[in-house]
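One structure is given below, encoded as structure tokens.
Each value in this text was obtained by applying a stated rule to the coordinates, not by laboratory testing. These numbers were taken from a predicted model, which means no experiment stands behind them. Cβ sites come from the backbone with ideal geometry, for glycine too, and all protein chains shown count toward neighbours.
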Amino acid sequence: MGSKSEVEGKPPHEEIEALQETIRHHEYQYYVLDRPEITDSEYDVLIRRLQKLENDHPELVTLDSPTRRVGGKAREGFVKAAHSSPMLSLDNALDERELREFDRRVREGLKDSPLTYVTELKMDGLSLATRYRNGIFAQALTRGDGLTGEDVTENARTIRSLPLSARNQIREFEVRGETVMNRRAFEALNARREEQALSRFANPRNAAAGSLRVLEPSITASRRLDFYAYMLLVDGRPPFASHWETLDWLERHGFKVNLRRQRCESIDQVIEFCREWEAKREELPYEIDGVVVKVDSIAAQEKLGYTAKAPRWAIAFKYAARQAVTKVEGIEVQVGRTGALTPVAHLTPVAVSGVMVARATLHNEDEIERLGLKIGDLVIVERSGDVIPRIVRVQEQGSYRKPFQMPKECPVCGGKVVREDGEAASRCINTNCPARLKESLLHFASRSVMNIDGMGEAIVDQLVDLGMVHSVADIYELQVEKLLEMDRLGPKSASNLKRNIDKSRLNRLPRVIQALGIRFVGERTSVLLAEHFGSLDKIAKATEEELQQADEIGPRIAQSIALFFKEGRNRELVERLRAAQVSFEYQTRKKPAGPLQGLTFVLTGTLSGLSREEAKARIEAAGGKVSAAVSKKTNFVVAGAEAGSKLDKALSLNISVIDEEKLLEMLK
Ligand code: IVH
């Protein structure tokens, strides 16, 4: 659907309508159902086409056009507006006993008539009330004090999972729900902020709140928020007989509704649901802080009514805060890939919602100062969106307190440590520091960068400590034989590792750029650079001014890139990666020529499932080459039964030898 030929040749208003429909469909697939049907760049093509048409025909832009999600002009401040009915909060139940107590009150209030509950996950974000007029998104208000909220309409419009149109028979309706940032978006946002030397958000809820309540909608647009609907009001009340029907209606009309919901016939079932998700909460892509339990029947809800603050027909079962109190026993300093020294607190191990925590990051000296933390203090540790727990505050000063001091010398290599003006981090300036090399290797090999499976910490430590690798580029020269010198690495793992290293040369340019470890250049910046310049050489040659021509590259990033390529050692690294045939060109074609692009194979012996011709044809179809003789340029020798001298030659040249099964796997 939505192919260009389908819409071409139509009058503009028809093409705009068709494009809007197509884009809406894909936004729904991607953001609501999490089942994309097209790639991001295909989506971009559609949006750009629509933007162009709308620019040419501004009179045809509709209120609910997907192009309006990009975020309009900044404002001076937020306007306050009254809620159609108060946005109440919920009473809490902190344990099973309190849940049973709630159940007892409800049954008493309903005089023991039949009762069903609906349980939903309690998403940890901020509530939002959205209004639709004639099926078109018209307004969004934050909760505020419950009676009046702030008008964040333009910001909410940028939330892709919030439908801009939800056509139906109802003239005016209100949908309330929770705005959240999922863990991945949160991690990515914090990583990006760190690259830009900005402070991190403490948890996804703060990040969501900070993103929704900014004056510039384009910032909200860049923040990847999600909206989960949980309430529908028409003329101030739910229009259906049950809450369950409301949730179904919302789902049918394009809203994202949490799939983890259940109808429960007894409080025991409710408790079971609560326990089940408490155990599984870490597996969810977003944070939850409990379960909301609601009486399903709207008539029953109305009968039960409200206290001054909260409905009597619902309760929030709150999970225990993921915090604990423990002692800081010491502060260790770790050296990162850029030489940055990160203080890490060593804690008396403590369980935080079922996970033992013994370390917490302290980020930098300023953070320690902000916390007023000294070694020996009792602190509150928290596990939130971050992988590494953090210290929230000092709970009680220790009786023996030792202040922390950033070392003047690198704890790994003894090199000089400096902290530049305006920088939060202190850095080891020795570019040969083994700690930096290890971190660089781990970064290079990590899944989202060059994706070299099997090159984890234990291997990297040995590669550096045994002197097998002095620069990242050295990994492409490692032979299986050499790898076998390492502890706990058998022949099979060694050849797998070699194969994975070899394969990594086929990574696309953005990953290669990211792999270089240039300061401020993360995943997104790498893609933007690759798209703008098309090759690594062009990026390396570009001046700061030229670099700034690329999207989102400011003076700070441009300077960092230019500095990187001025440095002799870095230029040498680039040359050695080129020699290792790492890809430096950006292939924008949708389908790269195949999984074996750039690899040369030699076939030897008799294969069992494939004839020689078939094997050759399939390798070539997958972008690989087949040559007759083994040479240094051969990447893989495929050995069948009774393989002869080619196999010997391959072994003597240290070329990876694979069997037919492996070949078939690689062809997938
Ligand atoms: S219903 C009157 N359902 O939790 C009923 N709330 O203290 C209003 N929340 O402010 C809330 N997930 O922001 C409801 N599935 C859910 C929810 C949910 C999260 C939040 C909401 C509310 C707070 C309750």
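Let me know the whole percent of all Cα-Cα pairs from region 429-532 that are separated by more than 18 Å.
47 percent
Could you list, in their original order, any pairs among K280/K662; K492/K646; K538/K649 whose Cα atoms are separated by more than 31 Å?
K280/K662; K538/K649
Assuming R0 = 22 Å, what is the FRET efficiency of R237 and K111, from their Cβ-Cβ distance, to the nearest 0.05?
0.45
Read phi for every residue in region 37-45 and hand back ³J(HN,Hα) as whole Hz from Karplus 6.51 cos²θ - 1.76 cosθ + 1.60, θ = phi - 60°, with x for Gly and Pro.
10, 10, 7, 4, 6, 5, 4, 4, 4
Return the distance in nm (one decimal) between the two label points of a simple spin-label model at L466 and V70, each offset 7 Å from Cα along Cα→Cβ.
Once both label points are built, they end up 5.4 nm from each other.
From the backbone phi of region 317-331, what are the Karplus-calculated ³J(HN,Hα) couplings (6.51 cos²θ - 1.76 cosθ + 1.60, θ = phi - 60°) in whole Hz, Gly and Pro given as x?
With the stated coefficients, region 317-331 comes to 7, 9, 6, 4, 4, 8, 10, 7, 9, 7, 9, 7, 8, x, 10 Hz.
Students often get this wrong, so check it: of K122/K309; K482/K616; K318/K402; K482/K503, which have C-alpha atoms separated by over 26 Å?
K482/K616; K318/K402
Please compute one quarter of the surface area of the Cα convex hull for the chain and express it in square nanometres. Working shown, then result.
Values: hull surface 146.7 nm².
For the chain, averaging the hull's shadow over all directions gives 36.7 nm².
Near the amide H of S242, under 5 Å away, which other amide H atoms are found, from residues 5 or more places off or on another chain, if H is placed in the peptide plane?
Here the answer is I298, since their amide H atoms fall under 5 Å of that of S242.
Count charges around E272 for me, please; just the other residues with Cβ under 12 Å from its Cβ, Lys/Arg as +1, Asp/Glu as -1.
Its environment carries a net charge of -4.
First check a/c for region 189-321, with a ≥ b ≥ c the square roots of the eigenvalues of its C-alpha gyration tensor; if it is under 1.5, answer rounded, and if not, answer prolate when a/b is larger than b/c or oblate otherwise.
Prolate, because a/c is 1.5 or more and a/b exceeds b/c.
Order these by the 10 Å Cβ neighbour count, fewest first: W244, W277.
In order of increasing Cβ crowding within 10 Å: W244, W277.
Give the aspartates and glutamates reachable from K303 as a straight Cα distance under 12 Å; neighbours fewer than 8 places away on the same chain don't count.
The qualifying aspartates and glutamates are E108.
Taking a cut-off of 20 Å between Cα atoms, list the aspartates and glutamates near K374, but don't count ones fewer than 8 places away on the same chain.
Within the straight-line limit of under 20 Å, K374 reaches these aspartates and glutamates: E329, E332, E365, D366, E382, E396.
If exposed GluC sites (Glu not before Pro) are those in a DSSP loop with at most 10 other Cβ within 10 Å, what is the longest stretch of the chain that has none?
77-419
Which cross-chain or sequence-distant (5 or more) residues have an amide H under 5 Å from the amide H of F404, H modelled 1.01 Å from N in plane?
Residues meeting the amide H criterion: I375.
Going by a 4.7 Å Cβ-Cβ cut-off, which cysteines of the chain have no partner at all?
C264, C274 - these cysteines have no disulfide-compatible partner (Cβ-Cβ under 4.7 Å) in the chain.
Suppose we take every Cα in region 99-208 and form the convex hull; what volume per residue is that in Å³?
Numbers: hull volume 19.7 nm³, N = 110.
In region 99-208, the Cα hull volume divided by residue count equals 179 Å³.
In nm, give the distance between the simple-model label positions of H25 and T148, each being 7 Å from the Cα along the Cα-to-Cβ direction.
Going from the H25 label point to the T148 one covers 4.5 nm.
When the helices in the chain are scored as -39500 (n - 2.57) per DSSP H run of 4 or longer and the sum is shared across all residues, what 222 nm value do you end up with, to the nearest 500 deg cm²/dmol?
Calculated at 222 nm, the ellipticity per residue is -10000 deg cm²/dmol.
Roughly how big is the chain's charge dipole about its Cα centre, with Cβ charges of +1 (Lys, Arg) and -1 (Asp, Glu), in debye to the nearest 20?
Dipole about the Cα centre, nearest 20: 540 debye.
What residues have an amide H closer than 5 Å to that of L162, excluding those fewer than 5 places away on the same chain, when H is modeled at 1.01 Å from N in the peptide plane?
F227
What are the lysines whose alpha-carbon lies under 22 Å from the alpha-carbon of K52, with same-chain residues fewer than 8 places away excluded?
K4, K10, K73
Work out from phi, with θ = phi - 60° and the Karplus expression 6.51 cos²θ - 1.76 cosθ + 1.60, the ³J(HN,Hα) of each residue of region 488-495, listed in order in whole Hz, and give x for Gly and Pro.
6, 10, x, x, 5, 5, 5, 6
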